[in-house]
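The values are calculated or read from the model by the stated rules, or taken from the named source; none is laboratory data. In this text, all values refer to a predicted model and were calculated from it rather than measured experimentally. No Cβ is skipped: glycine too gets one built from the backbone with ideal geometry, and neighbour counts run over all protein chains shown.
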Amino acid sequence: MDASMKKQAGFTLIELMITVAIIGILAAVALPSYKDYLMRGRIPDAISNLATKRVQMEQFFQDNRSYCGNAACTVAAPACPASDTASSKYFTFSCTATATTYTLTATGTGAMNGFTYSVNQANTKATTSVPGGWTLPTSGCWAVRKSGDC
């Protein structure tokens, strides 16, 4: 076998460019989908905390016949002190209340900035804001998908 007939090992430049292009296309599709997946996975943090706080408000009302509306609210109602800014990793929770009404609000922070969910004494759920690219739901509910589905 002469030296000119040796088999060459390795990749050609065109093969390498095709591989890089395929990886680029996959990344362009996969990364936005993964980011949306992470966002959807963080939404239950707000929803579950709002539901828990709502139950606490109703329990307090059953015991005291008032949601708040007095000076004792800051001490007696665990779910609704006047300066309630309890938070989780991605949401900050706040509460406004009177003797017969309340509104609990979850406001997104950090990666969830732009989301705002609320619930009131009538269990009326609302999504009042969503980040760009998301659609507000047409009915009173908590949006959990980019399309505004609940």
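Points worth noting:
- Verdict on Ala30 being modelled with pLDDT of 90 or more, in a helix (DSSP H, G or I) and surrounded by 10 or more Cβ atoms within 10 Å (Cβ to Cβ): no
- If you go through the stretch 40-92 and keep only what is more than 16 Å from Gln121 (Cα to Cα), of a type in the set (A, V, I, L, M), assigned to a helix (DSSP H, G or I) and modelled with pLDDT of 50 or more, you end up with Ile43, Ala46.
- Members of the stretch 1-56 that are among the basic types (Lys, Arg) and more than 17 Å from Val130 (Cα to Cα): Lys6, Lys7, Lys53, Arg54
- Number of the condition not met by Ser139 [criteria: (1) free of Cβ contacts under 8 Å to residues at least 12 places away in the same chain; (2) within 17 Å of Ala51 (Cα to Cα)]: (2)
- Reported count of residues in the stretch 93-133, each being modelled with pLDDT under 90, part of a loop (DSSP other than H, G, I, E, B) and within 13 Å of the chain's Cα centre (by Cα), is 0.
- Scanning the stretch 94-104 for residues that are surrounded by fewer than 21 Cβ atoms within 10 Å (Cβ to Cβ) and in contact (Cβ under 8 Å) with a residue 24 or more places away in the chain yields a total of 4.
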